[in-house]
Amino acid sequence: MNKLMLMTLRDIKSNKGQYIAVLLVVVIGITMYNATLMSYENLSHSVEYYYEEYRLPHLFVKLNKSSESIVSAAERIDGVAAAQGRLVLDVPMEISGYEGKIQARVVSVPKSNDDALNRLYIDEGRYVSGDYRDTALVEKLFMEAHGLETGSTLYPIINGKRIELEAAGKAVSPEYIYPIPSARELMPDYERFTILYLEHGFMQQLFGYEGVVNEVVVQLKDEAYTEEVKKELEYTFKHYGLISVGEREDQASYMMMDNELMGLESMGYSYPMIFLIIGSIVIYMLLLRLVDNQRSQIGVLMALGFTKRSILFHYLGYALFVGFTGSILGGLLGMWLGGSLTRYYLVFFNIPVLQIRTSLGVLAAGILMSVGFCGIAGYNAAKRVLRIAPAEAMRPVAPVEGKKWWGERLLPFLAGLRISWRLTFRNMWRNKKRTLFTIFAIAMTVGIMISILMLLDSVDLLFDKAFGDSLSYDYKVTFTADMHQDIVNDLMEFREVTYAEPMAEYPFRMTNGWRQKETVVEGIRQKSDIYRLSDLNGNRADVPGEGILLTEGLAKSLGVKVGDTISMEALYKPGTEHQVTVKGLVEQYMGGSGFMEVGALNRAMKEGSTISSALIKVRYGSESFIKELEGMPYVQSVKEPDDMVKQYYEYMDLMYAMIGVIITMSCIMGFAIIYNTTTISIMERRRELASLRIMGFSNKQVSELIFNENTAVSILGLVVGMPLGRAIGAQIIAFYPEDVMSLPLVVFPKTYVLAAITVALFVVLAQLANMRRISRMDLVEVMKSRE
Amino acid sequence: MERVLIRTEDLSKIYHMGEVSVEALRDANLEIYKGEFVVILGPSGSGKSTLLNIIGGMDTPTLGKAIFKGEELGDLDDNGLTRYRRENIGFIFQFYNLLPNLTARENVELVTDMSSDTLDVMEVLDKVGLKDRADHFPSQLSGGEQQRVAVARAVAKNPEMLLCDEPTGALDNTTGRVVLRVLKEINESLGKTVLVITHNAAIAEMADRVLYLSNGRIANIRTIENPIDPERIEW
């Protein structure tokens, strides 16, 4: 082996603590990079392949009941490759052995699966062709959640009649890889929502919808003409009961998957980048010290005839060693972790054609990035070798220039501090670059921690606001169809019900000039005590007798302010378009983003006193009544206000795991930084520290000097890191689509405290790990050697 | 007549370097009295630094004892030795070892801050002739000036004894003489015991007593009846 390389390896071995620490940072960065980008590639390839092969339509035309013959009109439009009419209807369903209410979406499919848009992937069983009546293919995850098998019986309630259907098998559709009924549901509920696929003719017959469709799905020849075809479709179907023409991006499952992929990709670049930058900084500081410490050795090497270039490469070798080793270890770990991450996604997404493959491109990019970052840092530190003249290198370094820093001149109290503290600040000033780097690195660590913990804070606050005092009803009863308001009085008749209030929820299209947004408007009772809204200042807000309250998010995306007039049209009732005045802005809740008085909403729908649900309070111990209520034919579901929270926290498991991983990793990084700077500043000042020891400073007093420096730097790092974390967090939160869930921007004090405690812990640990270096310092030896 | 400040009994120090043992100091017996100016003379490798390090509480003997005012240094643990150095010994090094980040005055204050019964910092700086340079940083001072700051730093905490390891080793003879002059004056006016180790025989003439070391042994001890003035030393 080349002797210089041997020196490199031995040097690394004798300072292994420092190199392991920095290696860890690089390994973490590259592991995250590989894991996230590989699962991103796996997922996005699979999904794309799946959409393509199984023909996910490009456009979804929703109609009121219309004649089947209009499908051919769609087919004739220029740019349309295929169009298919179908029925999509939601019905309640029962299965034996399960008490809860199940919402079944019944979708009609053509006789042959091969010709179909939204081709089904049959996981088990057989396709529902015309030869088999009374059978339905059932969404796979629902079957699995209930332990159902091919041949099991399902009881959908169609037109008030309990029908018997046999499960022909388990199926997955590209339209429901994330099986949620609408984008308003954040998490799939595999037990209570399912999709049944029925042969088209059979379904028409079953529902009494002969010759009728209520949806046309369209595949385009070229996606570039989406807008044109959409316009054409809108024009064509205008007089045939058109409700809306939606694109893939408006489709719930597609949107969720897309969001997830975008999040995964951006995480795949952002966090690893931070780790690599920090790793490079640490390498830079390490090498800077090494070159300074080994000046005389460099002089000797030069005197022996080594070229400056070969010596430069010798020092660069340290950085490349870390970069290369880190990228290989990180690559291997990342591949392994990426596999598990991808599999974890499968719990949530129904992708039957998952293609896991090792992406050599990602792996290579990781190696390049790691070696590149480390190499650049190493080169910048090692290049000072080029400036050293051999004779000069053998002489001792001139004493460091001591200076008072401007802080002492500007702030007289600093000059009045005890000498040990004055020394601390001057040392920080003396190594400005390193101090800044360390502050930056600690700030990033704190920033990552806060940005991530902040997500939890925001979710907590959201739930607290949405389900805390403001929602004090016990149950929300959702009806299978629109009901007359009088149903509320009927509910009150029950002995168990102490109070009931009407509620209406309908989707509307809100328009302000060219800006358009589809959203759910909730109609509630004025001055309701069980469903309270609050304005942006947190004060109680009440729905006006006329006009509408909007959430801030919706107002922003429509570009309106209080007092403006917007136009609203019920999505399922064309011709209901009318103007409404924005009367105020309210805090975002989950669910709707517009709020009206229930009567005003009815008038907007051009309907009588119609409601879709009721909010009730019940007597203590009414569980059996609730069961009874759930079983009533007109009741779709009975939910507690925090059902959604419970469901959400279940879904959060994955998020918590990710958050845990990122926090752990940033902790390792934080410790590596502080440990390394501590070690460097001790090694660099061994002579100074030894002088102090000889003069009679105790080990403790000497450690204190180092400790003070770390403390001061860490405090500055915290001061910078806290707002930085909030800013990063705000970026992450802004990433979530507002109409799905608009998180409030908040950092609880406990999060800041936690970050501060963590950093304090690192400082203490790094100090303890380095105490030996101070107490074992051989005073005589240090004073003798003239470094 | 004189009070013994430090006494060594059969002091030996053996360094083990791999398979080789080096006897740096062999059976050294000596007494140093309060208020004395002693020069320890010897070529490099003769054991003078080892002796100084043991007396200064920076190193421990392999055999024998070093007794300071009746207290055996070998009985002290690390903390005890730190306290011993802090209270009784002022070190002066060949390369000054000032803290580059502190001014001359602050370098001296550094030690007075942690001891009680210290001398006035400015008075001490005045004594070494650097009152006017008190607010200069080491990098703004000449070598001789830096060494005088080191002397001031050693003296200011009011120790019993100054231990000087080649204090003029890095200086030319003019500036070296100034430093020696300062040492002598501190010895005379403040009554501090001063122990200088050097390989420079010329310096010996200013001492009260000279110890000659050779191959780890004390070869000879000479008392000088009429020490000469440092100004007259030539080398």
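In µm²/s, what is D for the range A:53-128 at 37 °C and 0.692 mPa s, where D = kT/(6 pi eta Rh) by Stokes-Einstein and Rh is the Kirkwood radius from Cα pairs? Once the numbers are plugged in, D ends up at 220 µm²/s.
Mean per-residue shielding of peptide B:88-99 is 4, counting Cβ atoms of other chains within 10 Å of each Cβ. For chain A, averaging the sequence separation of C-alpha pairs within contact (under 8 Å, six or more residues apart) and dividing by the residue count gives a relative contact order of 17 percent.
Per-residue mean of foreign Cβ neighbours for B:106-116 is 4 (Cβ atoms of other chains, 10 Å radius). Relative to one another, the C-alpha centroids of the range A:711-734 and the range A:616-695 are positioned 18 Å apart.
Under 1.5 on a/c is rounded, so check that first for the protein assembly as shown, then, if it is not, pick prolate when a/b is larger than b/c and oblate when it is not; a ≥ b ≥ c are the square roots of the alpha carbon gyration tensor eigenvalues. Note, shape of the protein assembly as shown comes out prolate. Relative to the current alpha-carbon distance between A:Met187 and A:Lys556, full extension at 0.36 nm per residue lengthens the span by 130.3 nm. Evaluating kT/(6 pi eta Rh) at 25 °C and 0.890 mPa s, with the Kirkwood radius of the range A:118-165 over Cα pairs in the Stokes-Einstein relation, gives 204 µm² s⁻¹.
With contacts taken as Cα pairs under 8 Å at a separation of at least 6 residues, the range B:1-124 carries a relative contact order of 22 percent.
By the gyration tensor of its Cα atoms, with a ≥ b ≥ c the square roots of the eigenvalues, what is the shape of the range A:76-168: rounded for a/c under 1.5, prolate for a/b over b/c, or oblate? Cα axes put the range A:76-168 in the prolate bin.
Dividing the C-alpha radius of gyration of the range B:103-195 by 2.2 N^0.38 Å, with N its residue count, gives 0.99. What FRET efficiency comes out for the pair B:Lys65/A:Leu754, r = Cβ-Cβ distance, R0 = 51 Å, nearest 0.05? Working from the Cβ atoms, E equals 0.35. Taking a ≥ b ≥ c as the square roots of the eigenvalues of the Cα gyration tensor, the range A:436-593 is classed as oblate, since a/c reaches at least 1.5 and a/b does not exceed b/c. The range B:118-132 and the range A:145-171 have Cα centres spaced 100 Å apart.
The tail of the calculated P(r) for the range B:1-95 beyond 22 Å holds 29 percent of all Cα-Cα pairs.
Distance between the C-alpha centres of the range A:496-529 and the range A:1-61: 47 Å, rounded to the whole angstrom. Taking each pair of distinct Cα atoms in the range A:503-577 once, what is the resulting Kirkwood hydrodynamic radius in Å? Across the range A:503-577, the inverse of the average 1/r is 13.4 Å. Scanning chain A for chymotrypsin sites (Phe, Trp or Tyr not before Pro) lying in DSSP loops with no more than 10 further Cβ atoms inside 10 Å, the longest uninterrupted stretch between such sites is A:1-513. Let me have the 222 nm mean residue ellipticity of the protein assembly as shown computed from DSSP H runs of 4+ only, each contributing -39500 (n - 2.57), with the sum over all residues rounded to the nearest 500. When only DSSP H runs of four or more count, the value is -15500 deg cm²/dmol. A full extension of the chain between A:Glu144 and A:Gln516 corresponds to an added length of 130.0 nm, given 0.36 nm per residue minus the alpha carbon distance. Normalised by the number of residues in the range A:18-120, the mean separation of alpha-carbon contacts (under 8 Å, six or more apart) gives a relative contact order of 24 percent. With Cα atoms as the point set, chain B shows a radius of gyration and Dmax of 17.3, 54 Å. In this simple spin-label model, placing a label point 7 Å from the Cα along the Cα-to-Cβ direction at both A:Tyr240 and A:Arg619 gives a separation of 5.6 nm. For the range A:426-482, with the dipole built from +1 on Lys and Arg beta-carbon atoms and -1 on Asp and Glu ones, taken about the Cα centre, which of A:Thr445, A:Thr435, A:Leu461 lies farthest toward the positive end? So the residue furthest toward the plus end is A:Thr435. If R0 equals 45 Å, the separation of the Cβ atoms of A:Ala81 and A:Met492 corresponds to a calculated FRET efficiency of about 0.25.
Within a 10 angstrom radius of each residue's Cβ in A:768-780, how many Cβ atoms of other chains show up on average? Whole number is fine.
1
Taking R0 as 56 Å, what's the FRET efficiency between A:Gln355 and A:Leu9 from their Cβ-Cβ distance, rounded to 0.05? E(calc), rounded to 0.05, equals 0.85. Between A:Tyr269, A:Met669, A:Val88, the Cα set farthest toward the positive side of the dipole of the protein assembly as shown (charges on each charged residue's Cβ, about the Cα centre) is that of A:Met669. Taken along the Cα-to-beta-carbon direction at a fixed 7 Å, the label points for A:Leu368 and B:Ser116 span 7.0 nm.
What residues of the range A:59-94 lie in the reach of a label at A:Lys161, counting those whose backbone N is under 16 Å from a point 7 Å from the Cα along Cα→Cβ? Counting backbone N atoms under 16 Å from the label point, the list is A:92.
Readers should treat all values here as calculations from the given coordinates under stated rules, not as data from a laboratory. In this text, all values refer to a predicted model and were calculated from it rather than measured experimentally. Glycine gets a Cβ as well: all are built from the backbone with ideal geometry, and neighbour counts include every protein chain shown.
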